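The values are calculated or read from the model by the stated rules, or taken from the named source; none is laboratory data. Given the structure is predicted, the values throughout are model-derived calculations rather than measurements. Here the Cβ is made from the backbone with ideal geometry for all residues, glycine too, and neighbour counts use every protein chain on show. Side chains included, ligands, DNA and RNA excluded: accessible areas come from the protein's heavy atoms. Shrake-Rupley method; radii C 1.70, N 1.55, O 1.52, S 1.80 Å.
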Amino acid sequence: MIYIGVDVGKSGAYAIIYPNGIVVDVMAKGDFDESMRSVAKAGEPIMCCVELVGAMPGQGVTGMFNFGKSLGYIEGVLQALEIPYQLISPRTWKKEFNLNSDKAKSIEVCQKLFP
């Protein structure tokens, strides 16, 4: 199974974990469609989780528009390539690891899980 995690946030990021344990950590959204094409061609079952984004207090209209546009692009690529995915809220996955809004703690947990 190939696992993909997608952070739709401002800087955006995604990670791919292949069956052999190799982790490909990619930060540039511009490479997303090309990377997903490669994953789709691998012929392995795929599980993709995309962070479900929503409005945050103090976020402007332009920021929210860009957030939605980014999510739409990601969903469009996944649907076009027939890659199954789930939208998961930050609250859901952070609860699993007893995390709050402290981004440094989230990064720390991820680094422990995937050194």
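When residue 83 is tested against (1) farther than 26 Å from residue 112 by Cβ; (2) in contact with a Gly (Cβ under 6 Å, 6 or more places away or on another chain), only condition (2) is not met. Filtered by the rule that a residue be surrounded by 14 or more Cβ atoms within 10 Å (Cβ to Cβ) and in a strand (DSSP E or B), the range 77-115 gives 85, 87, 88. So residue 74 ticks every box in (1) in contact (Cβ under 8 Å) with a residue 40 or more places away in the chain; (2) in a helix (DSSP H, G or I); (3) farther than 16 Å from residue 3 by Cα but one. Which box is left unticked? With (1) in contact (Cβ under 8 Å) with a residue 40 or more places away in the chain; (2) in a helix (DSSP H, G or I); (3) farther than 16 Å from residue 3 by Cα applied to residue 74, the lone miss is (3).
Residue 54 meets the conditions (1) of a type outside the set (D, E, K, R); (2) more than 14 Å from the chain's Cα centre (by Cα); (3) surrounded by 14 or more Cβ atoms within 10 Å (Cβ to Cβ); (4) in a loop (DSSP other than H, G, I, E, B) in every case but one. The failed one is (3). Tell me, please, whether a residue that is assigned to a helix (DSSP H, G or I), out of contact with any Lys or Arg (no Cβ under 6 Å at 6 or more places or on another chain) and modelled with pLDDT of 85 or more can be found in the range 1-8. There is no residue in the range 1-8 that is assigned to a helix (DSSP H, G or I), out of contact with any Lys or Arg (no Cβ under 6 Å at 6 or more places or on another chain) and modelled with pLDDT of 85 or more. Selection over the range 9-41 of residues that are modelled with pLDDT of 85 or more and either assigned to a helix (DSSP H, G or I) or open to solvent by less than 50 Å² (accessible area, probe 1.4 Å) (or both) gives a count of 14.
Scan the range 77-99 residue by residue and report those that are hydrophobic (A, V, I, L, M, F, W, C) and free of Cβ contacts under 8 Å to residues at least 24 places away in the same chain.
Scanning the range 77-99 gives 80, 97, 99.
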